[in-house]
Structure formats: C-alpha cells, structure tokens
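Chemist: Got a structure for you, questions after.
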Amino acid sequence: MKRKREQIIPYLLLTPVHFVLLVVVGLPTLYILWLSLNTSTWGTSLQFVGLENYRQLFTDPYFWRATLNTFLVVIGVVYIEMVLGLLLATFFIKGVLAKKLMFPVILMPYAISPVVGVLIWKTLMDPNIGIVARLLSMITHSNVNYCVSPSQSLVLIGFINLWLHLPFTFILLYSGMLSISETIYEAARIDGADSFQIYFRITLPLLTQTMLITIIFRLVFAFRLFSEVWLLTRGGPIRKTEVMAVYLYQHAFRYGNFGIAAATGWLMVIGSLLIASLYLYQMQNRMSTKE
C-alpha cells in the first residue's frame, strides 16, 4: 500500500501543471478544432459545415503554394543551421581566437527582437538605399531586388530566419559537446585515434541525441514562420512568397474567414507534430538500442 502511494505522489504533484496546460493549451486547441468545422466571419454566429473548410483548403492552389514555400524554407534553414551550428561549436571547443569577444557576437542576433532584426535586413537589402543589396549587385553584375523576385525573397527570408536562430542551435550543440567526458577522448588518443576519427566516431555519435532534440525544437519553431515574410513581402509579389502562417493570417484578419483560418492552423499543428514525431521515434530507437 505504501509503495502504491509513493507511485501516485509524483502524479499528484504534477496535477497543477497538467491543469494549467489543459486550461491554457488544451481548451483553446479544442475550440480551434471546433471552429475549423464551422464557417463564420465578423459579427456572425457559427454555422456547422463539417469538413467543408478542409475541402476548400485542399482545392486552393494558394494553400499548396504556401505549404510548399513553408517546407522549402523550413527544411533548408534548419539543416543549414545544423551544419553551421556544428562548425561553430567545433571551433569553440577547439579554441577560437578572442573567445570572450566572439561569444557575444554570435549570440547577439538572438538577443534582438525578431521584428527589429527583420527591419534591419529589410533596410540593408533595399534595392535603392541598401548597402548589402548594392554590394551584391556589383558582385553578381545583376539586379538584386527581393521585392520583384519571389526566389530572392524566399532566400532572403530563409537567411534572416537562419541569422536570428543560429545562436540557439549553436548553444545547444556547444553545450552537448561540453558534456562529453574528456576521459573518452583521452582513451581514444591512447588507442591511436587521430582528430578526424575522434570527431566522426566519438563526438558526432555521442552528440546525436542533442542534435535530434535541436532539430525537433527548430522544426517546430521554424514551422510558425511569419514575421520575416510579413514584414518583408506580405506574401507578395502576387502571393508567391506566402507561407502557411501568412496564409492563415490573411484568411482570419483580411478576409474574415475564421473557419478556413482555423483549419489552416490545425493542419500546421498536425504537420509540425508529424515531423517532430519522426525525430522522436529516432530518439526512442537510439535510447532503446543503448539499453
């Protein structure tokens, strides 16, 4: 009986947290699900339409364009960010010059408000007054103008997102590298392993769990990409740079179609959960293998 009480106590202690999550996250989520099954706009009551909102989404070419843009930017940014984060973490572990100065330089973008960061790059990439835009035009001998080129806009959006969030990835990977015991490296050196073998056969395998956690966080956060697109292009030109969050915003606050907006939100949740589940499954497999 005593053992049973000891097993129940942790769950009782977590009850307040679960209650808060239910009120703050669970109930609004269920309401959005109900809203996605209805049609409504400003000043009108809900009218149940079942899966009609989802049917409209799946037959809307702008929705598919927004979905494709989201996946292209998110997948590209997250994996490039992982590579750069690994390189930076490795340089710092090996001993980078002026380490105390370089740390705040790398972390500075994460301390800046995303809105401020986007506006800074918007000014730098302005085709008329932007220093970076003019420099790139001189180097490439072509007109650099993200305002009229959807491909340039998406590249710039991805770059700004990477610049803003690279410090987060770097910190997680750097902390993971610091947590690896030095005795493992010493044993490898005694066995005759060189730096290349140590990095690819010891550091990276032991860092896999940290890398998977980092990818999960970044994919979920990046999937909600909004401010970079909205402040730079508002989805233009001709809605070719829309992402799912901007598509949702347009339907909710410009067109007043709350049912379509709620359905888009639910599809975003399902999409991010599916992607995260793949990496969680990989983590679970690796943990089971170790056991």
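Chemist: Dipole of the chain (Lys/Arg Cβ +1, Asp/Glu Cβ -1, origin at the Cα centre): which of Ile112, Val229, Ala193 lies farthest to the positive side?
Modeler: After comparing all options, I get Ile112.
Chemist: Taking R0 as 51 Å, what's the FRET efficiency between Ser181 and Trp42 from their Cβ-Cβ distance, rounded to 0.05?
Modeler: 0.25
Chemist: A further question on this structure: Express the relative contact order of segment 54-290 as a whole percentage, based on alpha carbon pairs under 8 Å and six or more residues apart in sequence. Each step should come with its number before you reach the end.
Modeler: Values: 233 pairs, mean separation 67.2, N = 237.
Averaging sequence separation for qualifying contacts and normalising by length gives 28 percent for segment 54-290.
Chemist: Can you tell me the dipole magnitude for the chain around its Cα centre, using point charges on the Cβ only (Lys, Arg +1; Asp, Glu -1), in Debye to the nearest 20? Provide the component values of the computation, followed by the final result.
Modeler: Values: 21 positive and 12 negative charges, 70 e Å.
With only Lys, Arg, Asp and Glu charged at Cβ, the dipole is about 340 debye.
Chemist: Among Val20, Ile238, Val77, pick out the residue whose Cα is farthest towards the positive end of the charge dipole of the chain, where Lys and Arg carry +1 and Asp and Glu carry -1 on C-beta, about the Cα centre.
Modeler: Checked the options; the winner is Val20.
Chemist: Could you pull out every whole DSSP H run in the chain that spans at least 27 Å of Cα extent along its own axis and averages 0.0 or higher on the Kyte-Doolittle scale?
Modeler: Those that pass (Cα extent of 27 Å or more, hydropathy at least 0.0) are 2-21, 61-94, 150-178, 258-290.
Chemist: Additional query: Please return the longest range in the chain lying between exposed loop sites, taking chymotrypsin sites (Phe, Trp or Tyr not before Pro), DSSP loop only, at most 12 other beta-carbon atoms within 10 Å, and leaving the sites out. Could the numbers behind the result be given before it?
Modeler: Values: sites that count: Trp42, Tyr255.
In the chain, the maximal stretch lacking such sites is 43-254.
Chemist: Select from Lys122, Lys100, Lys240 the residue whose mean-square fluctuation is largest in a Gaussian network model of the chain (Cα-Cα springs shorter than 10 Å).
Modeler: It is Lys100.
All of the numbers you see were taken from the coordinates with simple rules; none came from a lab. Just so you know, these numbers come straight off a predicted model, no measurement behind them. Note that each Cβ is placed from the backbone with ideal geometry, even for glycine, and that neighbours are counted across all protein chains shown.
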